[in-house]
Amino acid sequence: MIGTETNRAAIGSRLKFSFRDQGVLRNVYSTVNSGGSFGSTSLRREIGLGQAEIIDELEITWQKTGKKQIFKNIKPNQFLIITEGNNEIKTKHLKFFDFKKANLKGQMCKPKPA
């Protein structure tokens, strides 16, 4: 999420996901935040949708303005880029990294030799 009137990171904005999971209508709510003051989590929202095949509706309430944006019929299992005030959803391809196949042999934990 990218804020234009709201702060760029969209912190404080609220999301409501509506979808059907095994025939049952569910709503999942999320607020964009860093997770706390003694550490943080990614500002990227990852939402568990169970077995849902489609997100019927995503409602975003932007923090500063209180304006709502509604998107319908979104495919799950993808990363989206949504910009405040823009009704176009962009997708972001993230590279997959398989730690098991990387054969790192502890290399990530060893300090550099002096």
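The values are calculated or read from the model by the stated rules, or taken from the named source; none is laboratory data. Please read these numbers as outputs of a predicted model, since none were measured by experiment. No Cβ is skipped: glycine too gets one built from the backbone with ideal geometry, and neighbour counts run over all protein chains shown.
A few remarks follow.
- Within the stretch 1-20, considering residues that are part of a strand (DSSP E or B) and without any contact (Cβ under 8 Å) to a residue 60 or more places away in the chain, the one farthest from the chain's Cα centre (by Cα): ARG20
- Verdict on GLN51 being within 16 Å of the chain's Cα centre (by Cα) and either closer than 17 Å to PHE19 by Cβ or surrounded by 16 or more Cβ atoms within 10 Å (Cβ to Cβ) (or both): no
- Residue, modelled with the highest pLDDT, within the stretch 79-114, restricted to residues that are farther than 30 Å from GLU59 by Cα and of a type in the set (Gly, Ala, Ser): ALA102
- Taking the stretch 3-46 as the range and being touching a Ser or Thr at 6+ places or on another chain (Cβ under 6 Å) and surrounded by fewer than 16 Cβ atoms within 10 Å (Cβ to Cβ) as the test, the residues that pass are GLU5, ASN27, SER34, GLY35, SER40.
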